[in-house]
Each structure stands twice: as C-alpha cells, then as structure tokens.
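Report on the structure given below.
The values are calculated or read from the model by the stated rules, or taken from the named source; none is laboratory data. Since we're looking at a predicted model, the values are computed, not measured. Cβ coordinates were reconstructed from backbone atoms using ideal geometry, including for glycine residues, and neighbour counts include every protein chain displayed. Surface areas here come from the heavy atoms of the whole protein model, side chains and all, with no ligands, DNA or RNA. Shrake-Rupley method; radii C 1.70, N 1.55, O 1.52, S 1.80 Å.
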Amino acid sequence: LRKVLGEGIKDPICKRCWSDEAASIQSYRQSYNNSYRDLITSDAHSPAKLRFLELTPSNVCNLACRMCTSRYSSKIVAREKYLSELNLFEEKEKPHFTNWRDLDLTNLQELKLMGGEPMYLKEHIEILEYLDSINVLENLNLMVITNCTHAINEKWKYFLTKAKRVHIAISIDAIGKMNDYIRQYSNWEEVEKNLHEIDEFAKNSSEIFISINCTVGIYNVNKTKELEDYMKERNIHYYFNPLKY
C-alpha cells in the first residue's frame, strides 16, 4: 500500500480519504501527512515503523444508536439480520478487526482506541497493560472515544494518568430525552453523572483533555443550541460534526 500510494495511485482501500478530499474535506491522509511531515521529509520513515495505530478490536457495544450500523455495534446485528430477511436491508460483508498482538508496537507514538464502545472492550485494557509493561505507555499520546455510558474506573484512571498525553472524546448528540432517543439503551442521567466524573478527573492533570463531539444529523439539528448552552455553562470544550455521508 505504501508503495502504491508513493507512486500516486489512489488505491480503493483508501476510498474514505479520496471521498473526503473530493468534497474538499481534510482527510485522515492529509491530516497525518501534516502531523508526520518531519518524518516524511527525512529518512526516519525507512525502514517503516508503526508510530500511529487506530484500533477497533471488535464491534462490541452496549448501545444501538439510530445513525449507527452493525459494523460499529453488536447490538444492531439482530436488527439488520431481521431487516435483510424482509428484503429491506442488504447485509454487508462482516468487518475485519485488527489483532494488535500481531503488530510491533515498540515504536508507537499515538494510539486511538475505538469500537464498539472502548471502555466496554476488555481488549483495550489488555493493549494498555501490554504497552505499560514495555514502557511505551508513558511516551504515548492516547485518544479514547467513548459514549460516556460507563463510569471511569480505577484501572482506566491509572492508564489515562500514566500516558504522556490523553484526549477523551465523548460522543454526545443531545441532552435529556433526545439523548435517550438517538442513542438507544443510553440513559441521560447516567451519561451526565459519568461526564461530571470524567471532567473532574481530567481537571487534575494538565495532560488530560476532554471534548464533546456532537454529530449533527436530522434527529438533533434543531437541538444543538441546548447542548451548546449546557457545555458552555460547565466550561467543557465541544464541537459540532455535521454528517457528510
């Protein structure tokens, strides 16, 4: 893949980036080429070493969000199977998930944990334990994306404190009953309690940053002001991410 891209060939495996760039949206490719430009313009990239990893070990999730698919949520598998039997939905190819145990992580600089729900996945704890054991965690920039339905326990607090820098991106699309409607099986009172605990935890470290990512779609486009006011009142960073597809 590196060889093909180096020759200027747009491999279809990277179709998400090509779609973004065609729509004048900064793609992951462009973003990380910029982040690692010093490595790219030097000889440090040869031989190749794995420095950034975006890890989705499985689709295990506790929610069935209305805008999501079975690719990212195990809760939705049964729904899509039922719809496909009624010929209302075309079953997609089962997703392939990376086994991080097959990778050389000794040069890792950035790790982005995705899911499913990252704080619900035991595989994420396992990789953090491993990175801690080989002394990589303390030099790692860590990003965790969470739906905020799980309280932050002592094990997670240890890893988040041990990492060099941490960004906790919390997916909240609305407050109150609208949250419960969009994110099926979610409970706003629990989300609010967990958000408060994560916010208080992050305030104890200058290297832990939290932000609220609100995906704006047809369900919540007229409710963004409520979420904005809520986050401003609590001095929590937020940003709106309009649906592009």
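Taking the criterion of being surrounded by 10 or more Cβ atoms within 10 Å (Cβ to Cβ) and among the polar types (S, T, N, Q), the residues of the stretch 22-44 that qualify are Q26, S27, Q30, S31, N33, N34, S35. Of the residues making up the stretch 161-176, those that are touching a Phe, Trp or Tyr at 6+ places or on another chain (Cβ under 9 Å) and small (G, A, S) number 2.
Assuming E123 fulfils every condition listed in (1) assigned to a helix (DSSP H, G or I); (2) surrounded by fewer than 20 Cβ atoms within 10 Å (Cβ to Cβ); (3) of a type in the set (D, E, K, R) apart from one, which condition is it? Here E123 meets the rest and fails (2).
Tell me whether the stretch 103-114 contains one or more residues that are assigned to a helix (DSSP H, G or I) and either open to solvent by less than 50 Å² (accessible area, probe 1.4 Å) or within 15 Å of V60 (Cβ to Cβ) (or both).
As a first pass, look at the stretch 103-114 and keep what is assigned to a helix (DSSP H, G or I): none.
No: zero hits.
Can you tell me which residue within the stretch 196-207, out of those that are in contact with a helix residue (DSSP H, G or I) (Cβ under 9 Å, 6 or more places away or on another chain) and part of a helix (DSSP H, G or I), is most open to solvent (accessible area, probe 1.4 Å)? Checked the stretch 196-207; the qualifying residue most open to solvent (accessible area, probe 1.4 Å) is F201. Can you name the residue in the stretch 82-138 that is touching a strand residue (DSSP E or B) at 6+ places or on another chain (Cβ under 7 Å) and of a type outside the set (A, V, I, L, M) and is also nearest to T69 (Cα to Cα) among such residues? Step by step, filter the stretch 82-138, then rank; the result is E117. Restrict the check to the stretch 91-102 and report whether at least one residue is farther than 20 Å from V166 by Cα and hydroxyl-bearing (S, T, Y). Scanning the stretch 91-102 turns up at least one residue that is farther than 20 Å from V166 by Cα and hydroxyl-bearing (S, T, Y). Somewhere in the stretch 168-187, is a residue within 17 Å of I208 (Cα to Cα) and crowded, with 21+ Cβ neighbours inside 10 Å? Looking for residues that are within 17 Å of I208 (Cα to Cα) and crowded, with 21+ Cβ neighbours inside 10 Å, one finds at least one in the stretch 168-187, hence yes. For first residues located in the stretch 112-140 and touching a residue at least 40 places away in the same chain (Cβ under 8 Å), partners that are open to solvent by 50 Å² or more (accessible area, probe 1.4 Å) and part of a helix (DSSP H, G or I) and lie 6+ apart or on another chain with Cβ distances below 8 Å do not occur. Among the residues making up the stretch 1-21, a single one is farther than 23 Å from P95 by Cα, modelled with pLDDT under 90 and surrounded by 12 or more Cβ atoms within 10 Å (Cβ to Cβ): L5. Return the residues of the stretch 46-73 that are within 14 Å of the chain's Cα centre (by Cα), assigned to a loop (DSSP other than H, G, I, E, B) and within 11 Å of G115 (Cα to Cα); say none if nothing qualifies. Hits for the stretch 46-73 are T56, P57, S58, N59, V60, C61, R71, Y72, S73.
In the stretch 219-245, the residues that are open to solvent by 80 Å² or more (accessible area, probe 1.4 Å) reach residues that are hydroxyl-bearing (S, T, Y) and not in a helix (DSSP H, G or I) with C-beta atoms within less than 7 angstrom, at least six apart or across chains, in these pairs: H237/S211; Y239/S211; L243/T215.
The single condition from (1) over 30 Å from K244 (Cα atoms); (2) surrounded by 14 or more Cβ atoms within 10 Å (Cβ to Cβ) that I210 fails is (1). Hey, among L121, L113, which residue is closer than 30 Å to Y219 by Cβ and touching a His at 6+ places or on another chain (Cβ under 6 Å)? Exactly one residue qualifies, and that residue is L113.
Of all residues being open to solvent by 80 Å² or more (accessible area, probe 1.4 Å), out of contact with any helix residue (DSSP H, G or I) (no Cβ under 8 Å at 6 or more places or on another chain) and not aliphatic (A, V, I, L, M) in the stretch 68-91, which is modelled with the highest pLDDT? Just the residue, please. Steps first, please.
Going residue by residue through the stretch 68-91, those that are open to solvent by 80 Å² or more (accessible area, probe 1.4 Å) are 71-72, 75, 79, 81-82, 85-88, 90-91.
Still in the running and out of contact with any helix residue (DSSP H, G or I) (no Cβ under 8 Å at 6 or more places or on another chain): 71-72, 75, 79, 81-82, 85-88.
Still in the list and also not aliphatic (A, V, I, L, M): 71-72, 75, 79, 81-82, 85, 87.
Numbers: R71: 88, Y72: 89, K75: 92, R79: 87, K81: 87, Y82: 89, E85: 88, N87: 88.
Looking at residues that are open to solvent by 80 Å² or more (accessible area, probe 1.4 Å), out of contact with any helix residue (DSSP H, G or I) (no Cβ under 8 Å at 6 or more places or on another chain) and not aliphatic (A, V, I, L, M), I get K75.
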